[in-house]
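Heads up: the structure comes next, in structure tokens.
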Amino acid sequence: MQAMQTDLISEELRNRFEGATRVLVLTGAGISAESGVPTFRGGGNTAVWKGMPFDVISSARMVERDLPAVWEWFDYRRSLLQTLQPNPAHYEIARWADLFPEFTLVTQNVDGLHRTAGSREVIELHGSVWRARCLSCRTSYEILPHEQRLANCAGCGSYLRPDVVLFGEMLPPGAFEAAAEAAAACELCFVIGTSALVYPAASLPEIAKAAGAYLCEVNPERTPLSAICDEVLTGKAGEVLPLIGKS
Ligand SMILES: NC(=O)c1ccc[n+]([C@@H]2O[C@H](COP(=O)([O-])OP(=O)(O)OC[C@H]3O[C@@H](n4cnc5c(N)ncnc54)[C@H](O)[C@@H]3O)[C@@H](O)[C@H]2O)c1
Ligand SMILES: [Zn+2]
């Protein structure tokens, strides 16, 4: 059984993994599925808070209309997340950071599980539920589990909002640019647990591939990206990833 499992990883991928100097990993909701976080298309998008659908309560308009309700929703989401733990996929990626001279982790997730698993530098394209941001001066504040969050900015006194990209908003300045630069320079690119439908995040593997990187997808299902991948590892991230670095 063990032999069959490691056979999933081709000789080609093993060699590239061992020899790579610049590696980029893009993760999506699927990497947190085994930790108990519902994926967006796997039920997360049907969530309703006080009668409001997910894309209404999580929208830029609602921040303007009813900021306390938006906070109630995010406080609730954090209360669910703080009981969950990273899974072997998060831990394996945290370990990879020390294996390569240049390693870039880009996530679309807002759950903070990569950081909990020990990844120090994470480009969080869609922000994090564990941060609050000032509506005026944009200062960002960490929110610690089990602790009361600040209500106002310590610097200017303005209201804080969740530091998450909501429906109808742009990505945080510089985040995508930094990720795109790393994608254009990498030799090996992993796309893990994302349906690859949300742009511009989904363009990162395309940028990597166009620049000559070896592209590898880890997902139990096929995605629109599968066709351009050099290798598609069909399976759960928590089971597949620990096999890649195993010789
Ligand atoms: N954990 C989170 O922070 C979280 C959760 C839900 C949604 N979101 C947001 O919703 C958007 C949805 O896009 P998305 O592509 O990230 O998610 P998605 O829900 O559209 O797609 C999830 C993908 O993960 C795959 N998957 C399911 N279980 C898996 C597993 N065990 N291992 C590997 N892959 C698995 C699915 O087949 C699917 O392709 C993102 O922008 C994200 O910010 C975030
Ligand atoms: Zn401020």
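The values are calculated or read from the model by the stated rules, or taken from the named source; none is laboratory data. Please read all numbers here as calculations on a predicted model, not as lab measurements. Neighbour counts are summed over all protein chains in view; Cβ atoms, including those assigned to glycine, are modelled from backbone coordinates with ideal geometry. Remember, those area values only see protein heavy atoms, side chains included, never the ligands or the DNA or RNA. Shrake-Rupley method; radii C 1.70, N 1.55, O 1.52, S 1.80 Å.
Overview of values
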{"read-out": "Answer from Leu166, Leu150, Leu125 - the residue that is more than 16 Å from ligand 1 (Cβ to nearest atom) and touching a strand residue (DSSP E or B) at 6+ places or on another chain (Cβ under 9 Å)", "value": "Leu150"}
{"read-out": "Matching entry among Glu92, Glu64 (being open to solvent by 30 Å² or more (accessible area, probe 1.4 Å), out of contact with any Lys or Arg (no Cβ under 6 Å at 6 or more places or on another chain), modelled with pLDDT of 95 or more and in a helix (DSSP H, G or I))", "value": "Glu64"}
{"read-out": "Every residue from segment 214-247 that is assigned to a loop (DSSP other than H, G, I, E, B) and over 17 Å from His90 (Cα atoms)", "value": "Glu221, Arg222, Thr223, Pro224, Leu225, Cys229, Asp230, Ser247"}
{"read-out": "Residue, least open to solvent (accessible area, probe 1.4 Å), within segment 153-163, restricted to residues that are touching a residue at least 40 places away in the same chain (Cβ under 8 Å) and more than 15 Å from ligand 1 (Cβ to nearest atom)", "value": "Arg161"}
{"read-out": "Residue list for segment 196-225, filter: among the hydroxyl-bearing types (Ser, Thr, Tyr) and closer than 24 Å to Thr21 by Cα", "value": "Ser203, Tyr214"}
{"read-out": "Failed item, numbered, when Pro162 is tested on (1) closer than 22 Å to Pro38 by Cα; (2) away from ligand 2 (no atom under 16 Å from the Cβ)", "value": "(2)"}
{"read-out": "Checklist (1) within 11 Å of ligand 1 (Cβ to nearest atom); (2) open to solvent by 40 Å² or more (accessible area, probe 1.4 Å) applied to Lys50, failing item", "value": "(1)"}
